[in-house]
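The values are calculated or read from the model by the stated rules, or taken from the named source; none is laboratory data. These numbers were taken from a predicted model, which means no experiment stands behind them. We place every Cβ from the backbone using ideal geometry, glycine too, and count neighbours over all the protein chains shown.
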Amino acid sequence: MKYTLRQLQVFLAVAHYDNITRAAESLSMSQSAASGALRELEEQFDIQLFDRVGKRLQINELGRLLRPRAESLLERALALEQDLSQHQAVGQLKIGATLTIGDYLAVGLIARYMAEYPGARPQLQVANTSTIAARVANFDLDIGLIEGEIQHPELEIQPWRGDELAVFCAPDHPLAGKPRLSDTDLLSANWILREPGSGTRQTFDHALHGLLPELNILLELEQTEAIKRAVAAGLGIGCLSRIALREEFQRQTLVPLSVAGRDFSRQFYLIMHRHKYHSAGIERWIELCRQA
């Protein structure tokens, strides 16, 4: 075999950091050792995997083509190493979740996962749909749980579970007593919404197509709790997942509003890179999501 797993590790680290020094530090290697490993890999096959741009190493077309296969090979090698060392077959998971899922669903799933595998320490990153998708595509995350619809050639996208958004307001808001909101009511209100790029905002924009250019959007916030507090303070009306509003609706600190002729249903999705190795931990995580 002309290449080593260490050479592949260096290749992938440089692809991630675009810098040989930072790649070497991430692998606890000297810069010269990392440079030598990458140079040997390229010279052995008479190829070039990066374009040299000043001090940066930018992955080229050939490097991008080989990167997913190298990632998969190293994942399998790590799984084999764990089995040979008689450690638990379920390794550490890097999970990404969008805000609603991260705040209201993912923690419960992690608790169930850790109850089955006490030695596991899953990592959870929370961001909007576009950010999670980009991190999964870049192999920074093993699996993503997202609220929005995306299309990406490198991602495998599986429907997970349904959800529905709810328009809501404070109990003393002028619209709180109306049995159903018309388009005129929607246009007259001030809105407190999630930011563009989030799955919640994507569903909202789709539901209110035709009215968007005329809506009075007062605030766009990245945090669900901040939106709920702003609406509770009477600044306007909002639109969030019913999952995120369950407790407030029960306590009646916020109240749902019925909207005529608008569809606020949506789908949650599981996403992975198409070339990601499905380890035992990933398979069990997917199974827990299905059961939830």
How do the pairs read when you match residues in the range 248-271 that are closer than 25 Å to Ala230 by Cβ with residues anywhere that are among the hydroxyl-bearing types (Ser, Thr, Tyr) and exposed (fewer than 14 other Cβ atoms within 10 Å of the Cβ), using Cβ under 9 Å and keeping only pairs 6 or more apart or on different chains?
-> Val259/Ser182; Ala260/Ser182
Out of all the residues in the range 11-40, which are touching a Lys or Arg at 6+ places or on another chain (Cβ under 9 Å) and under 21 Å from Leu65 (Cα atoms)?
-> Phe11, Leu12, Ala13, Val14, Ala15, His16, Asp18, Asn19, Ile20, Ala37
Answer yes or no: is there a residue in the range 51-69 that is at pLDDT 90 or above and farther than 25 Å from Glu154 by Cβ.
-> no
For residues that are among the hydroxyl-bearing types (Ser, Thr, Tyr) and part of a helix (DSSP H, G or I), tally how many sit in the range 3-17.
-> 1
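Of all helices (runs of 4 or more DSSP H) completely enclosed by the range 221-292, which ones contain at least 2 residues that are touching a helix residue (DSSP H, G or I) at 6+ places or on another chain (Cβ under 6 Å) and of a type in the set (A, V, I, L, M)?
Of the helices (runs of 4 or more DSSP H) lying wholly inside the range 221-292, those with at least 2 residues that are touching a helix residue (DSSP H, G or I) at 6+ places or on another chain (Cβ under 6 Å) and of a type in the set (A, V, I, L, M) span 242-251.
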What single numbered condition from (1) touching a Gly at 6+ places or on another chain (Cβ under 7 Å); (2) of a type in the set (Gly, Ala, Ser); (3) under 26 Å from Leu208 (Cβ atoms) fails to hold for Ser279?
-> (3)
By residue number, the members of the range 213-241 that are loosely packed, with under 15 Cβ neighbours inside 10 Å and over 28 Å from the mean Cα position of the chain (by Cα) are Pro213, Glu214, Asn216, Ala233, Gly234
Could you check, for the range 91-104, whether at least one of its residues is in contact with a Ser or Thr (Cβ under 8 Å, 6 or more places away or on another chain), of a type in the set (A, V, I, L, M), within 23 Å of Thr253 (Cβ to Cβ) and modelled with pLDDT of 95 or more?
-> no
The one condition Ser72 fails out of (1) under 25 Å from Phe268 (Cα atoms); (2) part of a helix (DSSP H, G or I) is (1)
Filtered residues of the range 242-285 (kept if in contact with a strand residue (DSSP E or B) (Cβ under 8 Å, 6 or more places away or on another chain), among the hydrophobic types (A, V, I, L, M, F, W, C) and surrounded by fewer than 16 Cβ atoms within 10 Å (Cβ to Cβ)) = Phe249, Ala260
Determine, yes or no, whether Leu270 is closer than 30 Å to Leu12 by Cα and modelled with pLDDT of 95 or more.
-> yes
